[in-house]
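Some notes on the structure that comes next.
Quick note: the coordinates plus some simple rules give every number you see, no bench work behind them. Note that the coordinates shown come from a computational prediction; the quantities given were computed from them, not determined experimentally. Here Cβ is always computed from backbone atoms with ideal geometry, including for glycine, and neighbour counts include all displayed protein chains.
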Amino acid sequence: MRARCALGLAALLAAVCVPGGAAQAASASCQGADVPVTGVASGTMHGTLCVPAGGTADTAMVLVPGATYNHTYWDFPYQPETYNFRQAMNRAGYATFVVDRLGTGASSRPPSALLTASAQAEAVHQVIQALRGGRIGGTGFHKVVLGGHSLGSLISVIEAGTYNDADGVVLTGITHRIVLPQVVNIFVSSFYPAALDPAFAGKSYDPGYLTTRPGTRGPDFYAPATTDPEVLATDEATKDVFSATEAADGLGVSALLPYSRQIRHPVLVAIGGQDHFFCDSQGGNCASSAALKAQEDPYFGSAACLSAYVQPGAGHDLNLATNTVPYQQAVQQWADTFVGAGPEPATPPTNACG
């Protein structure tokens, strides 16, 4: 039986682990899948289903990357024992389905003007239904955790607030307090049409698809003290695109309108303490997990039973910071407490939502 961790949520994910047996084996069985999706932006959403060794997981995590990223953000190839979030969750006993957002990776590429965050959320909803119905991998999952990063978190807020079909929601690299000058600056100085970038030139990207200019990912997405140059090089080599419409829709609909208050399942918000898009005097309070929770509480209803976690010293890309492992552990401990990897219902402590 997997080790169980009881969370002292008053201290916000300061966990006390209770011995319970050997850890999950590192290996997992993985298979790719193209999930047909219909709606404003129809096509296929590609993902990879990875099931822990033994194939006994009852819970699948659907993981949605952010702008200019594809599945690689969650399934990072460099030093995976440290940086690969997908493998960490598989070792913890959770199945994972890491997707390429529409327009990225191996997913369909509709016209960028059709690709809003709401359209992405509709596609993710259909992926969740396919997982529950056994149409991916042949076995239905009883429970689903929806996880996003940055733009993927905005998409996840819209999906969860609209459909409430995930048993838990993990929102990383996002808060409701945006440092507007930093967001404006990245659009002005770092993003440009993907068709102008050597990595995407000649691949028929319409002008609404954007990517990052070479050399800008480090200053934008990382904190110097927690950056491995090889991680940054791998990040640059595997970068992807996003549409201007999904960014505008994501910020306007998810961050500014109260979709988050419509979520009726447990939510974890996680942020890097040095994320300059959300953490400074003009934005949010990332001084501690408790401070972040107090800030974000008004944006969620009581049913969300909000938890918060700040990884000190990490930048915007929590998965790719050199100190990412405690954050991985915090997500696992939260998931164990509020959802659980096995078939039995999770039984959070009585003070879990305090």
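With R₀ set to 35 Å, the beta-carbon distance separating Asp165 from Ala287 gives a calculated FRET efficiency near 0.55.
Note on Thr44 and Lys203: their simple-model spin labels are 1.7 nm apart, each label 7 Å out from Cα toward Cβ.
Each of Ile155, Ile263 has some number of other Cβ atoms within 10 Å of its Cβ, and from fewest to most they run Ile263, Ile155.
The phi-based Karplus calculation (6.51 cos²θ - 1.76 cosθ + 1.60; θ = phi - 60°) puts the 3J(HN,Hα) values of the stretch 208-225 at x, 8, 10, 9, 9, 5, x, x, 9, 5, x, x, 7, 10, 10, 9, x, 5 Hz, whole numbers, x for Gly and Pro.
Helices assigned as whole DSSP H runs in the chain whose Cα atoms extend at least 27 Å along their own long axis and whose mean Kyte-Doolittle hydropathy is 1.6 or higher are not found. Each label was represented as a point 7 Å from its Cα along the Cα-to-Cβ direction; for Leu257 and Arg132 these points are 2.2 nm apart. If R0 equals 41 Å, the separation of the Cβ atoms of Ala294 and Tyr192 corresponds to a calculated FRET efficiency of about 0.60. Would you please state which residues of the stretch 49-73 a label at Ser29 would reach in this model, taking the label point 7 Å out along Cα→Cβ and a backbone N cut-off of under 13 Å? Once the point is set 7 Å along Cα→Cβ of Ser29, 49-57 turn out to lie under 13 Å by backbone N, inside the stretch 49-73. Of all aspartates and glutamates in the structure, the ones whose alpha carbon falls short of 17 Å from that of Lys293, not counting any fewer than 8 places away in one chain, are Asp275, Asp280.
If you restrict to DSSP beta bridges whose two residues both lie in the stretch 40-128, what percentage is antiparallel, to the nearest 5? Mind dumping the intermediate values first?
Working: 4 of 8 bridges.
Antiparallel bridges make up about 50 percent of those DSSP assigns within the stretch 40-128.
Distance between the C-alpha centres of the stretch 307-333 and the stretch 159-187: 16 Å, rounded to the whole angstrom.
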